[in-house]
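Structure record follows, encoded as structure tokens.
The values are calculated or read from the model by the stated rules, or taken from the named source; none is laboratory data. Quantities reported herein were computed from a predicted structural model and do not represent experimental measurements. Reconstructed Cβ throughout: ideal geometry from the backbone, glycine too, with neighbour counts over all protein chains shown. Only protein heavy atoms, including side chains, enter the accessible area calculation; ligands, DNA and RNA are left aside. Shrake-Rupley method; radii C 1.70, N 1.55, O 1.52, S 1.80 Å.
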Amino acid sequence: MTQSNLKEISQRLRYESFTKLANELTKASHFDALAAALGDNLKYILNTYFARFYIYYEDKTLLIEVFRSQAGQTQINLLPNKLEQEVLNTNIPDIFYPKDFPAELLDDPIYGKDKLQFVYMLPVYFAPHHHMLAIVGSKDPEPFNQTDFRFTKLVADFLFNKTAQLFLQEKLSESNEQLHEVNEELVVFSQNLEDLVASRTRQLLESKEELNTLFYRASHDLRTPFTSIRGLMYIATSMSNNGESNSIFTKVGDVIDKAEKMLNKLKAISENSDELQPFDKAKLDQLIRKIYDKHRTASVSNKLKLSINLNAIQYPFELADSCANAMDCIIENAFHFIHPDHASPSLKVSARQEPDMLQLTFSDNGNGISEDMLDKVSGMYIRGNTQAQGSGLGLYVVKKIMDRINGKLDIRSAINKGTTITLTMPTTGIKEKLHLTTT
């Protein structure tokens, strides 16, 4: 067999061995498997006495060492010696012979071997913080040729890429573990938060229920002494012929009237349940006129003219009885806000009916509400006009009632032109709505 044939066979065996190494490196799932693959195959690719690969990937360093007669080994974060570090710093490949070694390397278990003829060091730069140093020591005095250099570079490139993949998988695994831990913490936090919110919500609902009960009981309990005072005043007035005293009794009666109106509003706010009342056009007309007559009698000015148009109501319906309180507050406000310069103050009531809804519109030509107050006027103790005589609770009560029955309050107004208030009240499914808003 000729020398040429032997060289061709040797080359073929080297390529076959490299292919086998590449396949094993590809399948490797951990660093020790990389070292084992190099230990089994590198000696058939390069005439090595030993091989050492420093692989730098971001903040980690992996060292793989292979001896011709031993399996490969791996070490993490082992620093190179002085000579190896110099080659890394210059980033220039170089060949060193034992006579070139620093004195401290002569006692090194690798560099101090008698059979070692030379060491080839190949730094390979891929990217910042991604580089490696491949070191091949040979006991053959014949220096590396171009084919040896090419195979060294191929092995180094393939090994770095696979090592980078394993480092990345390791990093992803650590990240997944951290994410899993964070997720578990979030689950616990979420559960604790839900428990806290549920507890706070329960406390708020209990406080709201207690406050409603307090308002409701107070409005009832205070009504009894007011009734007694009114009775005693009647007796005192009938027994007294003193005009001045009777005038004082009359003023006390006015104060009691205002206090009772306040109690009625508090009762409407705190009402825990609503009874449904059957209505038709005639009964609603009668209710509105009754409320109007009550306030007309009590008002200083009785000039407010009422007109009612309920022709749009075609069939019977049901309303929560608190809707009457809402109408009461609106009609009372119409008397409070009569414009002093209008010769004919008026209040017009109209209706629109749909199968599941009744809409009542109250329009007056009174003082009106300024634009900057429209979004605030339904708040507690807010008066829409500096000349208002009321308590500042009227529209607040209306808003609370509409919220409770899942209705809607709409207010439109202009100064010196009047106010239009529209109540949109449900007439079907109202029992369920009432239950939801009071539990």
What pairs can you find where one residue is in segment 268-281 and in a strand (DSSP E or B), the other is modelled with pLDDT of 85 or more and of a type in the set (D, E, K, R), and their Cβ atoms are less than 7 Å apart, with a gap of 6+ or different chains?
276/318; 277/318; 278/318; 279/318
Identity of the residue in segment 380-405, farther than 11 Å from residue 336 by Cβ and charged (D, E, K, R), that ends up modelled with the lowest pLDDT
404
Return the residues of segment 329-346 that are acidic (Asp, Glu), open to solvent by less than 30 Å² (accessible area, probe 1.4 Å) and out of contact with any Gly (no Cβ under 7 Å at 6 or more places or on another chain); say none if nothing qualifies.
none
How do the pairs read when you match residues in segment 138-158 that are open to solvent by less than 40 Å² (accessible area, probe 1.4 Å) with residues anywhere that are among the β-branched types (Val, Ile, Thr) and in a helix (DSSP H, G or I), using Cβ under 9 Å and keeping only pairs 6 or more apart or on different chains?
144/152
So which pairs qualify, if the first residue must be in segment 301-315 and closer than 14 Å to residue 331 by Cβ, the second must be open to solvent by 50 Å² or more (accessible area, probe 1.4 Å) and polar (S, T, N, Q), the Cβ gap must be under 7 Å, and the two must be at least 6 apart or on different chains?
305/344
Take the residues in segment 15-46 that are in a helix (DSSP H, G or I) and touching a Ser or Thr at 6+ places or on another chain (Cβ under 8 Å), then tell me which one is surrounded by the fewest Cβ atoms within 10 Å (Cβ to Cβ).
32
I want to confirm something. Restricting to segment 246-286 and keeping residues that are hydroxyl-bearing (Ser, Thr, Tyr) and modelled with pLDDT of 70 or more, which single residue is farthest from residue 361 (Cα to Cα)?
247
Looking only at residues that are among the β-branched types (Val, Ile, Thr), within 60 Å of the chain's Cα centre (by Cα) and open to solvent by 30 Å² or more (accessible area, probe 1.4 Å) in segment 80-102, which one is farthest from residue 136 (Cα to Cα)?
90
Count, please, the residues in segment 351-378 that happen to be open to solvent by less than 20 Å² (accessible area, probe 1.4 Å), of a type outside the set (S, T, N, Q) and part of a loop (DSSP other than H, G, I, E, B).
4
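Listed here are the residues, each with its yes/no results for (1) more than 46 Å from the chain's Cα centre (by Cα); (2) open to solvent by less than 40 Å² (accessible area, probe 1.4 Å).
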| position | (1), (2) |
| --- | --- |
| 275 | no, no |
| 280 | yes, no |
| 288 | yes, yes |
| 306 | yes, yes |
| 311 | yes, no |
| 327 | no, yes |
